[in-house]
Amino acid sequence: IGEYAAVIDSGKATLGTVIDDAPYAYSDGTAIKNSYSTYKGMTTVREAIASSSNVAALKTFQMAGTNLVYDYLQKFGITTLTEEDQYESLSIGGTHNGVTNLEMTAAYNAIANSGQYVEPYFYIKVVDRSGNTLLSKGQDFTQIISAESAELLTSAMESVITEGTGTSAAVKGLTLAGKSGTTNDKKDLWFIGFSSNYTCGIW
């Protein structure tokens, strides 16, 4: 979420920007591999998001720059990051403390909500037996990416559902967008998706 939001929102890339999905390595020489164990060659950003290309994610991360990606992730409400996470492995979700489902779902909800972030909350109002309000929680919206960038990211993630790694999440009659994610040996499986009404995060 960090690198693609960063490059699109900052104007460094578009969904049509072409990236070479080919054998590649981190700056320290460690090879990076795709989960599909092959390479697709010249690939657009849209196609890279749909197919979950790790190579393209790393190259996009490098295009954006570590600091910009880190800043965007913080804007998206990811609070578990530390300075130790400011490395290229962040491009494919490598963090020291992981992330929570709640924060990831809220981050994607900002994309679904035209780039407006809303801090997650679990209640709207608490009243006593007489109807007096004891606690109330309003929605505070923060524009973290432009509405145009959110629309582009949504469009790319619709491709995830229609032709990419999330086709099994498709629901007939609904326009859905989302993103899948896996760790090594599929120890962790993620899917976060949204419609015009709901955002759902599954780990």
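The values are calculated or read from the model by the stated rules, or taken from the named source; none is laboratory data. The structure displayed is predicted, hence computed values, not measured ones. Virtual Cβ from ideal backbone geometry, glycine too; neighbours counted across all protein chains shown. Only protein heavy atoms, including side chains, enter the accessible area calculation; ligands, DNA and RNA are left aside. Shrake-Rupley method; radii C 1.70, N 1.55, O 1.52, S 1.80 Å.
Could you report segment 1-138's accessible area per residue, 1.4 Å probe, as an integer in Å²?
Averaged over the residues of segment 1-138, the accessible area is 51 Å².
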| field | Amide H within-cut-off set for Y24, under 5 Å, with H built and near neighbours excluded | value | I32
| said: Over the Cα atoms of the chain, each weighted equally, I'd like the Debye log10 I(q)/I(0) at q = 0.14, 0.17 Å⁻¹, rounded to two decimals. | reply: -0.81, -1.19
| Karplus 3J(HN,Hα) series, Hz, for segment 186-196 with 6.51 cos²θ - 1.76 cosθ + 1.60 (x for Gly, Pro) | 6, 5, 10, 10, 10, 8, 10, x, 8, 10, 6
| said: Please list, by residue number, every one of the chymotrypsin sites (Phe, Trp or Tyr not before Pro) in segment 1-75 that is coil in DSSP and has at most 16 other beta-carbon atoms within 10 Å. | reply: Y26, Y36, Y39
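If I compute solvent accessible area with a 1.4 Å probe over the protein chains, what percent of it on the chain is carbon and sulfur?
Numbers: 5690 of 11210 Å².
Using a 1.4 Å probe with all protein chains present, the chain comes out at 51 percent carbon and sulfur.
Give the relative contact order (percent, whole number) for segment 40-161; include only Cα pairs under 8 Å separated by 6+ residues.
Working: 128 pairs, mean separation 31.4, N = 122.
Value for segment 40-161: 26 percent.
Would you mind checking the pairs K40/K187; K33/K75; K125/K187; K40/K186 and listing those with alpha carbons more than 31 angstrom apart? Intermediate values should be presented prior to the final figure.
On the way: K40/K187 25 Å; K33/K75 28 Å; K125/K187 38 Å; K40/K186 22 Å.
Going by Cα-Cα distance, K125/K187 fall outside the 31 Å limit.
When the Cα atoms of segment 1-69 are enclosed in a convex hull and the volume is divided per residue, what value in Å³ results?
Numbers: hull volume 5.1 nm³, N = 69.
Residue-normalised Cα hull volume stands at 74 Å³.
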